[in-house]
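Reading through the structure tokens given below for one structure.
The values are calculated or read from the model by the stated rules, or taken from the named source; none is laboratory data. Keep in mind that what you see is a predicted model, and the values were worked out from it rather than measured. A quick note on method: Cβ atoms are made from the backbone with ideal geometry, for glycine too, and the neighbour counts reach across all protein chains shown.
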Amino acid sequence: MDYSDSRHKPHIIGKVFIAVFLIVLCILITKKSPDPSGASLLSLHVPGATHVLVTGGAGYIGSHAVLRLLKDSYRVTVVDNLSRGNIGAIKILQALFPEPGRLQFIYADLGNARAVNKIFAENTFDAVMHFAAVAYVGESMLEPLRYYHNITANTLVVLEAMAAHGVKTLIYSSTCATYGEPEKMAITEETPQVPINPYGKAKKMAEDIILDFSKNSDMAVMILRYFNVIGSDPEGRLGEAPRPELREHGRISGACFDAALGIIPGLKVKGTDYPTRDGTCIRDYIDVTDLVDAHVKALDKAKPRRVGIYNVGTGKGITVKEFVEACKKATGADIKVEYLSRRPGDYAEVYSDPSKINRELNWTAHYTDLEKSLSIAWRWQKSHRNGYGSP
């Protein structure tokens, strides 16, 4: 028995050694093999191809921006923690653009500086479009600390990563809420910024950080302050799908559609005693397709050591009552309306003067028929009663 064991030991050791060698070889090959999603290709610079990091790219506006960028042959990396975004939107985009090296999705929270730095270290970004943010005025009044952390602090994390990894171009998604309630209409880029709610204040703080940093760098910065966003992809591929628990804080268009679908019994209009033509708030409604067009034009025009600040709106103010009537026509539903007291943090009248962006970026709003924009969004809502499904 001793003799037999001694003869077989070398063979057994040899087989074990070969097996271990093959396992290690397979691991090394796997690591060096291209990611089937094309993610590894996005770690390399490709001459003539611009690689854009889109934060919040699974959200309503962000996903529409990603769609436009991909249609225009940009390479895109989406970073989103899906707290407000929808993985369903990403799956649609991946199906539309399956080519390796075109689109990758990274699940991450911008509040995690280590994770953000790792993302920048492993990819070669040429520009950042920073959409990621919580963005409801009413919610910001209830949870101000969340808004300062999510908007202001997270923007600082993104800027630090850009500085550390030499990414020089930033397109920042800001808001007309930074102006507060101006004494004079229409709002120009020179209108004093006096925000009256935590959402607007947090965005203004983020703008200030960006501007201060840009003074001592060769960054190309574009800050887009946009007004009330409506609409959806005209081809019906993407739409707005907020989480059910956030509907009460959401856009008026979403509330109108919910009422038309019977998800809620009716529409609640908050504030009928404002100094406007019918007592309800006046807003400037910008179609999401026009909005993302402004972002792409801003990216194209961004220049080192220059800062561009632009209002993105139609220049036309519409009252809430007028909006509701347009929504009734678009949906064909007899929406019940309940009038309530004002919502804290709201302002009476806000609409833009878009002449600067018209002049400098050659951008003009084209989807200015409110009823038509609502009709396009309504078609998506009717066929996606549960949004994109479970996130």
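For segment 325-343, indicate whether the set of residues that are under 26 Å from Ile210 (Cα atoms), touching a residue at least 40 places away in the same chain (Cβ under 8 Å) and assigned to a loop (DSSP other than H, G, I, E, B) is non-empty. Write out each step before concluding.
Restricting attention to segment 325-343, the residues satisfying the condition of being under 26 Å from Ile210 (Cα atoms) are none.
Taking every residue of segment 325-343 in turn, none turns out to be under 26 Å from Ile210 (Cα atoms), touching a residue at least 40 places away in the same chain (Cβ under 8 Å) and assigned to a loop (DSSP other than H, G, I, E, B).
Give the number of residues within segment 170-195 that are of a type in the set (Val, Ile, Thr) and assigned to a strand (DSSP E or B).
So the first thing to find is which residues in segment 170-195 are of a type in the set (Val, Ile, Thr), and the list is 171, 175, 178, 187-188, 191, 194.
In the following step, the residues that additionally are assigned to a strand (DSSP E or B) were identified as 171, 175, 187, 194.
Of the residues in segment 170-195, 4 are of a type in the set (Val, Ile, Thr) and assigned to a strand (DSSP E or B).
Which of (1) in contact (Cβ under 8 Å) with a residue 60 or more places away in the chain; (2) crowded, with 18+ Cβ neighbours inside 10 Å is the odd one out, the single condition Lys268 does not satisfy?
Only one criterion is unmet by Lys268, namely (2).
As an exercise: evaluate Asp212 against (1) at pLDDT 95 or above; (2) surrounded by fewer than 18 Cβ atoms within 10 Å (Cβ to Cβ); (3) outside any helix (DSSP H, G or I) and give the number of the one condition it does not meet.
Condition not satisfied by Asp212: (3).
Given the residues Val134, Val167, Val128, which is the only one that is within 21 Å of Ala65 (Cα to Cα), outside any helix (DSSP H, G or I), modelled with pLDDT of 95 or more and out of contact with any strand residue (DSSP E or B) (no Cβ under 9 Å at 6 or more places or on another chain)? It would help to see each step written out before you state the result.
Details: Val167 fails: out of contact with any strand residue (DSSP E or B) (no Cβ under 9 Å at 6 or more places or on another chain); Val128 fails: out of contact with any strand residue (DSSP E or B) (no Cβ under 9 Å at 6 or more places or on another chain).
After ruling out the rest, the residue left standing is Val134.
Hey, could you check segment 217-236 for residues that are in contact with a Leu (Cβ under 7 Å, 6 or more places away or on another chain) and in a loop (DSSP other than H, G, I, E, B) and say which is surrounded by the most Cβ atoms within 10 Å (Cβ to Cβ)?
Ser232
Would you call Glu245 at pLDDT below 95 and surrounded by fewer than 17 Cβ atoms within 10 Å (Cβ to Cβ)? Quick ask: steps written out before the conclusion?
Details: at pLDDT below 95: yes; surrounded by fewer than 17 Cβ atoms within 10 Å (Cβ to Cβ): yes.
Considered against the rule, which asks whether it is at pLDDT below 95 and surrounded by fewer than 17 Cβ atoms within 10 Å (Cβ to Cβ), Glu245 comes out as yes.
Yes or no: segment 72-82 includes at least one residue that is surrounded by fewer than 23 Cβ atoms within 10 Å (Cβ to Cβ), modelled with pLDDT under 95 and farther than 26 Å from Arg251 by Cα.
No, segment 72-82 contains no residue that is surrounded by fewer than 23 Cβ atoms within 10 Å (Cβ to Cβ), modelled with pLDDT under 95 and farther than 26 Å from Arg251 by Cα.
Can you name every residue in segment 103-122 that is part of a loop (DSSP other than H, G, I, E, B) and surrounded by fewer than 21 Cβ atoms within 10 Å (Cβ to Cβ)? Talk me through it step by step, then tell me what you get.
Going through segment 103-122, the residues part of a loop (DSSP other than H, G, I, E, B) turn out to be 108-112.
Answer for segment 103-122, where residues must be part of a loop (DSSP other than H, G, I, E, B) and surrounded by fewer than 21 Cβ atoms within 10 Å (Cβ to Cβ): Ala108, Asp109, Gly111, Asn112.
For segment 248-257, does any single residue satisfy the condition of being among the acidic types (Asp, Glu), under 24 Å from Gly332 (Cβ atoms) and out of contact with any Asp or Glu (no Cβ under 7 Å at 6 or more places or on another chain)?
Going residue by residue through segment 248-257, those that are among the acidic types (Asp, Glu) are 248.
Filter once more, keeping what is under 24 Å from Gly332 (Cβ atoms): none.
Scanning segment 248-257 turns up no residue that is among the acidic types (Asp, Glu), under 24 Å from Gly332 (Cβ atoms) and out of contact with any Asp or Glu (no Cβ under 7 Å at 6 or more places or on another chain).
Out of all the residues in segment 83-95, which are of a type in the set (Lys, Arg) and crowded, with 19+ Cβ neighbours inside 10 Å? Please lay out each step first, then the result.
As a first pass, look at segment 83-95 and keep what is of a type in the set (Lys, Arg): 84, 91.
Hit for segment 83-95 is Arg84, nothing else.
Checking Leu361 against (1) in contact (Cβ under 8 Å) with a residue 24 or more places away in the chain; (2) more than 23 Å from the chain's Cα centre (by Cα), which single condition isn't satisfied?
(2)
If you go through segment 291-319, how many residues are crowded, with 22+ Cβ neighbours inside 10 Å, more than 22 Å from Glu181 (Cα to Cα) and not hydrophobic (A, V, I, L, M, F, W, C)?
1
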